[in-house]
Amino acid sequence: MGQLRVQKVRHRDGSCSYTIFDSMSGLHSAAERYLAAYAGRGSDRTYAYLLVDHLRWLEYEGLAPETVSLQDLKRYMKAVGAKISLPYGSPWRVGKRPYQNDALRGAAACLKGFYLKQAELGTNAELAGALDLERLPTQRDTDRALLGHLKRSMDANPLAPNEVRRRHKKMLPDGAREALLPTVRSARDRVVVEWLSDGGFRVGEMCGLHLCDLHLRENAACGECQAPHAHVCHRDGLVNGARAKTKRPWEFANGVIRGGLIKRVSPAMVHAYFDYMMGEYPRDAAHGMLLVQQHGPAKSLPWAPEGARKMLKRTGHRAGLGLVRPHMFRHTWATAVLDAANGNLAIVRDAGGWASTEVVDEIYAHVDVNDPAFSAALLATWGEMR
């Protein structure tokens, strides 16, 4: 057991994909056939890690994809989400946290897709028949679907956990930003705190930003947003491993970035950026990325997301806040925007770049980034509204 691992594969065109290797037998052919369909779509990495956990469990149990049953899969789902000791002596994935509800739904979708793919190739058709179920559509299903009134059935997954809807995910303590800023030790770290607080960025988006992505003056040449803004562009193969989750089309033409996910930038974010660029940014940095490593052998090279996570962890403990994670800023920001927008979920969706969520995606309206209501909601969140 434990010989399986996720392998990142870099392609000649600069893109990356993920597959599963066995240190004894090489490429796991069944996993590769399944994951290949998701290459370049942003979900191959997540599914690779979910699937490798399951394949390791099969080895532990003496099972194989050809012989596993629906009851075995249900037992696995209970083991991987267990928060207390079970017959294994401890929760499955020793040393790691159990899957939460979101991860369990992802694992259920991954396993269903994997075994349906196996059945297409003539393996374990009985299990595929038990997994390939349908259910009657709910009102919510018809509301979310184009021409939803024509829906007669919906896919069902017997492995999926019961839905748990939460109004808030884990957020920062009150006053966290004010406590963190005096304890940061560089202008770069202040940029991270300010931009995560006011921009709602994911840490992969932050560490993947290039200087050309930033249009921090009004009426920028891109012509896509009148106010200061940043273009979040999905790029594969960055040396620091950063990658934006959102894959909106973008182009770099005549020295100007257009497209991508447009995120508005607050005055505090602009001030932090200029302090950093004037005082700390290395003049010999040829890579053109915003955040750089400041110490050690990798000095002046692009800063990896893990470095930002560790910096926030250290800063949070110095500020007496305990553990601070980058995604806490995003949850806190989204809640503040939602409150300032009087519950307009479309504003939160477009400001944060969510393509599909269980709550936000129920509203299909699109908010223009130049819309006065959009601007007013962000200004109130930034504390700039008078």
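Listed values, structure above:
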{"read-out": "Any chance residue 51 is under 21 Å from residue 129 (Cα atoms) and of a type in the set (A, V, I, L, M, F, W, C)", "value": "yes"}
{"read-out": "Residue among 108, 119, 82, 128 that is in a helix (DSSP H, G or I), under 19 Å from residue 58 (Cβ atoms), in the same structural domain as residue 43 (by TED's automatic domain parsing) and at pLDDT below 90", "value": "128"}
{"read-out": "Filter result for residue 213 (closer than 22 Å to residue 374 by Cβ, assigned by TED's automatic domain parsing to the domain that holds residue 286 and among the acidic types (Asp, Glu))", "value": "yes"}
{"read-out": "Residue that is surrounded by 13 or more Cβ atoms within 10 Å (Cβ to Cβ) and either modelled with pLDDT of 90 or more or touching a helix residue (DSSP H, G or I) at 6+ places or on another chain (Cβ under 8 Å) (or both), where the choices are 278, 385, 328", "value": "328"}
{"read-out": "Residues that are touching an Asp or Glu at 6+ places or on another chain (Cβ under 9 Å) and either farther than 15 Å from residue 245 by Cβ or touching a residue at least 24 places away in the same chain (Cβ under 8 Å) (or both), drawn from segment 34-50", "value": "35, 36, 37, 40"}
{"read-out": "Number of the exception - residue 300 against (1) hydroxyl-bearing (Ser, Thr, Tyr); (2) at pLDDT 85 or above; (3) on the phi < 0 side of the Ramachandran plot", "value": "(3)"}
{"read-out": "Every residue from segment 54-69 that is in a helix (DSSP H, G or I) and buried (at least 16 other Cβ atoms within 10 Å of the Cβ)", "value": "54, 55, 56, 57, 58"}
{"read-out": "Positions within segment 332-345 being in a helix (DSSP H, G or I), modelled with pLDDT under 80 and closer than 14 Å to residue 376 by Cβ, in sequence order", "value": "338, 339"}
{"read-out": "Segment 222-261 - residue that is among the hydrophobic types (A, V, I, L, M, F, W, C) and out of contact with any Lys or Arg (no Cβ under 9 Å at 6 or more places or on another chain) and, of those, surrounded by the most Cβ atoms within 10 Å (Cβ to Cβ)", "value": "257"}
{"read-out": "Meets criteria (over 19 Å from residue 305 (Cβ atoms) and in a loop (DSSP other than H, G, I, E, B)) for residue 283", "value": "yes"}
{"read-out": "Close pairs from segment 5-23: first farther than 17 Å from residue 43 by Cα, partner at pLDDT 90 or above and part of a loop (DSSP other than H, G, I, E, B), Cβ under 7 Å, at least 6 apart", "value": "21/28; 22/28"}
{"read-out": "Evaluation of residue 286 against (1) loosely packed, with under 13 Cβ neighbours inside 10 Å; (2) farther than 30 Å from residue 13 by Cα; (3) hydrophobic (A, V, I, L, M, F, W, C) (one fails), failing number", "value": "(2)"}
{"read-out": "Any hit, segment 188-208, residues being among the aliphatic types (A, V, I, L, M), at pLDDT 95 or above, in the same structural domain as residue 269 (by TED's automatic domain parsing) and farther than 22 Å from residue 312 by Cα", "value": "no"}
{"read-out": "Options 334, 298, 285: the member that is of a type in the set (Gly, Ala, Ser) and under 23 Å from the mean Cα position of the chain (by Cα)", "value": "334"}
{"read-out": "Test: residue 270 is at pLDDT 95 or above and among the β-branched types (Val, Ile, Thr)", "value": "yes"}
{"read-out": "Subset of segment 36-53 [part of a helix (DSSP H, G or I) and over 21 Å from residue 99 (Cα atoms)]", "value": "36, 37, 38"}
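The values are calculated or read from the model by the stated rules, or taken from the named source; none is laboratory data. As the structure is a prediction and not an experimental result, all values here were calculated from the model. Note that each Cβ is placed from the backbone with ideal geometry, even for glycine, and that neighbours are counted across all protein chains shown.
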